[in-house]
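**Q** Take this structure, written in structure tokens, and hold onto it; I'll ask about it next.
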Amino acid sequence: MTEAETLIAAARAAAVHAHAPYSRFAVGAAVLLSDGEIVSGANVENASYGLSLCAETVAIAKVSARGRLRDVVAIGVIGGLMDTHGAATGDTPVRPCGRCRQVLNEAAQLGGRDLEVHCAGAEGDRIESHRLSALLPDAFGPADLGVR
Ligand code: THU
């Protein structure tokens, strides 16, 4: 499997644990670290809707908790509306929301890497691959605050 296929498969596995009873839109994310480790996450919604966390943000928070924020190389993201059994459906690629792009940028700039962002639908075979710098051009980041 390619890097993209591996990360999309891991993101699909993670989406099974989405807590998304309000939107019924399950998202999974899988972050690749420089040593090959994969750290995944799924969205965590809240009865107070605005407190909900995206899958990408959950995965990056797990990476940070392991002290590995500087080691992020790539991320795979999948998502789709849940069927009556709770399984994510559809083949439209899910691209990280604006807030998640900014969260990813923190890891990218600290690590000195332009991240690969692989996106797919919950069921579809087609994987779109983007550079984070294309999804979030001219990003504000740690360097703007003198942090490296
Ligand atoms: N969501 C993500 O987890 N990642 C994204 O990039 C887009 C949106 C989640 C948030 C919410 O739980 C659900 O998808 C519907 O917006």
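The values are calculated or read from the model by the stated rules, or taken from the named source; none is laboratory data. Here the structure is a predicted model, which means the values were calculated and not measured. Cβ atoms come from the backbone with ideal geometry, glycine included; neighbour counts cover every protein chain shown. Each accessible area value is taken on the protein alone, full model and side chains, heavy atoms only, with ligands, DNA and RNA left out. Shrake-Rupley method; radii C 1.70, N 1.55, O 1.52, S 1.80 Å.
**Q** Taking Gly141 and the conditions (1) within 16 Å of the ligand (Cβ to nearest atom); (2) open to solvent by less than 10 Å² (accessible area, probe 1.4 Å), which numbered condition does it fall short on, given that it satisfies the others?
**A** Result: Gly141 fails condition (1) only.
**Q** Could you tell me which numbered condition Pro96 fails, if it satisfies all but one of (1) of a type outside the set (S, T, N, Q); (2) assigned to a loop (DSSP other than H, G, I, E, B); (3) more than 10 Å from the ligand (Cβ to nearest atom)?
**A** Result: Pro96 passes all but (3).
**Q** Output the qualifying pairs, or none if there are none: Cβ atoms under 8 angstrom, residues six or more apart or on different chains, first residue in the stretch 81-98 and on the phi > 0 side of the Ramachandran plot, second residue open to solvent by less than 50 Å² (accessible area, probe 1.4 Å).
**A** Short answer, once both residue conditions are applied: Gly86/Ala26; Gly90/Gly80; Gly90/Gly121; Gly90/Ala122; Gly90/Gly124.
**Q** If you go through the stretch 49-65 one residue at a time, do you hit one that is under 15 Å from the mean Cα position of the chain (by Cα) and of a type in the set (Lys, Arg)?
**A** Yes, the stretch 49-65 contains a residue that is under 15 Å from the mean Cα position of the chain (by Cα) and of a type in the set (Lys, Arg).
**Q** If you don't mind, another one. Checking Gly112 against (1) more than 13 Å from the ligand (Cβ to nearest atom); (2) of a type outside the set (A, V, I, L, M); (3) touching a Gly at 6+ places or on another chain (Cβ under 6 Å); (4) open to solvent by 50 Å² or more (accessible area, probe 1.4 Å), which single condition isn't satisfied?
**A** (3)
**Q** Can you tell me which condition Val103 does not meet? The list is (1) surrounded by 14 or more Cβ atoms within 10 Å (Cβ to Cβ); (2) more than 17 Å from Leu32 (Cβ to Cβ), and all the others hold.
**A** That leaves (2) as the condition not met.
**Q** Additional query: Show the residue pairs that are 6+ apart or on different chains and have beta-carbon atoms under 8 Å apart, the first residue being within the stretch 10-22 and on the phi < 0 side of the Ramachandran plot, the second being surrounded by 21 or more Cβ atoms within 10 Å (Cβ to Cβ) and in a loop (DSSP other than H, G, I, E, B).
**A** As it stands, the answer is Arg12/Ala122; Ala15/Ala122; Ala18/Asn43; His19/Asn43; Ala20/Asn43, since those pairs meet every condition given.
**Q** Do we find a residue being in a helix (DSSP H, G or I), among the aliphatic types (A, V, I, L, M) and over 22 Å from Leu145 (Cβ atoms) anywhere in the stretch 29-52?
**A** Scanning the stretch 29-52 turns up at least one residue that is in a helix (DSSP H, G or I), among the aliphatic types (A, V, I, L, M) and over 22 Å from Leu145 (Cβ atoms).
**Q** With the structure loaded, tell me whether Gly67 is more than 16 Å from the ligand (Cβ to nearest atom) and open to solvent by 60 Å² or more (accessible area, probe 1.4 Å) or whether it fails that test.
**A** Yes; evaluated as a whole, the condition is true for this residue.
**Q** Scan the stretch 115-138 for residues that are of a type in the set (A, V, I, L, M, F, W, C) and either part of a loop (DSSP other than H, G, I, E, B) or surrounded by 18 or more Cβ atoms within 10 Å (Cβ to Cβ) (or both) and jot them down.
**A** If the condition is that a residue be of a type in the set (A, V, I, L, M, F, W, C) and either part of a loop (DSSP other than H, G, I, E, B) or surrounded by 18 or more Cβ atoms within 10 Å (Cβ to Cβ) (or both), then Leu115, Val117, Cys119, Ala120, Ala122, Ile127, Leu132, Leu135, Leu136 are the ones that fit.
One line per residue, one yes/no per condition, for (1) closer than 19 Å to Asp125 by Cβ; (2) within 14 Å of the ligand (Cβ to nearest atom):
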position: Ala10; (1), (2): yes, no
position: Phe25; (1), (2): no, yes
position: Gly36; (1), (2): no, no
position: Ala61; (1), (2): no, yes
position: Ile78; (1), (2): yes, yes
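**Q** Out of all the residues in the stretch 16-46, which are farther than 17 Å from Val63 by Cα and open to solvent by less than 10 Å² (accessible area, probe 1.4 Å)?
**A** Ala20, Ala26
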